[in-house]
Amino acid sequence: MPFVSLQSSPLAPGVSPVEIYYRDEGHGAPLVLLHGGWGYSLNPFDHQLENLRDEFRVICPDRSGYGRSTRLPGDLPPDFHYRAAAETLALLNALDIERAFFWGHSDGAVIAAIIGFTAPERVRGLVFEAFHYYRMKVRSRDFFETLARLPEALGFELCERFAQEFGADDWRAAITNHAKAWSQIALASDGLGDNLYQGRLHEISAPTLLIHGELDPRTEPGELDAVAAELPHAEMRVLDGAGHSPHNETAFAELATNIAREFLRRPR
């Protein structure tokens, strides 16, 4: 199993070394797949690993706190997206990858965007799926507040899958920590407006594609319009009938992959 040993990671302060598990398949230009806040196994990129490895070197790490990687020593901090972006770049340094394409899902898309404006020299192109822009998720407030208190509210099947991802002793804390972090993000004020990017999203210059489910329950009214105003050069594909995770929804996985493949193939 491939692991990278990092001396440290801002996601796991005080822990050394930090072991990052990653999937690494195929050959070609590097394509880094960044999972969402519920981890790889809940919304896996299996379809993409299988169908893109003939054209790209597809790398999909488990962030600290997820899967086979090092567990976090404490709560997930509200700036975890920025910390995860730094960890991702450290992983690429360890793998001697100078530039890559990034396809991020949900929290992974936020992380990819942060890399896009903090380390533009490392980016060949960006795919944002189920993108988040606003700090305050009004329609999701009850969702996060409930999970912060009662992770079992997700239902038996999802809880079983979380137990497989995080372990029988840790899955409840993983859910509540993520929900609490998003609640703290909503309350945080840094004087730079209501978005997650400290007013810097417009600095992204790399070719950018957004893939978004029409029925994504985590999307606020007007959120995609706000993103389009910040990224007028970006291409946006809204998939009718898709939800929060088109890349692994049975009816949309192939379509989402084909849309991304066509974008990634374009001459740069």
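The values are calculated or read from the model by the stated rules, or taken from the named source; none is laboratory data. This structure is a prediction, so every number in the text was calculated from the model and none was measured. Please note: Cβ atoms are built from the backbone with ideal geometry, for glycine as well, and neighbour counts cover all protein chains shown.
What to note about this one:
- If the condition is being crowded, with 16+ Cβ neighbours inside 10 Å, more than 18 Å from the chain's Cα centre (by Cα) and in a helix (DSSP H, G or I), then region 205-258 contributes Glu230, Leu255.
- Among the residues making up region 184-196, those that are in contact with a Phe, Trp or Tyr (Cβ under 7 Å, 6 or more places away or on another chain) and at pLDDT 90 or above are Asn195, Leu196.
- Any helices (runs of 4 or more DSSP H) falling wholly within region 32-132 and containing at least 1 residues that are within 15 Å of Ala256 (Cβ to Cβ), of a type in the set (S, T, N, Q) and at pLDDT 95 or above: 46-52
- Conditions (1) surrounded by fewer than 21 Cβ atoms within 10 Å (Cβ to Cβ); (2) under 18 Å from Leu42 (Cβ atoms); number of the one not met by Arg141: (2)
- Residues of region 48-104 classified as surrounded by fewer than 24 Cβ atoms within 10 Å (Cβ to Cβ), under 11 Å from Tyr22 (Cβ atoms) and charged (D, E, K, R), total: 2
- Note on region 10-36: residues that are among the β-branched types (Val, Ile, Thr) and under 17 Å from the mean Cα position of the chain (by Cα) amount to 2.
- Positions within region 10-55 being farther than 21 Å from Val123 by Cα and small (Gly, Ala, Ser), in sequence order: Ala12, Gly14, Ser16, Gly37, Gly39, Ser41
Conditions tested, residue by residue: (1) part of a helix (DSSP H, G or I); (2) charged (D, E, K, R); (3) crowded, with 18+ Cβ neighbours inside 10 Å.
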site	(1), (2), (3)
Thr146	yes, no, no
Glu152	yes, yes, no
Glu157	yes, yes, no
Arg172	yes, yes, no
Asn177	yes, no, yes
Lys180	yes, yes, yes
Ile185	yes, no, yes
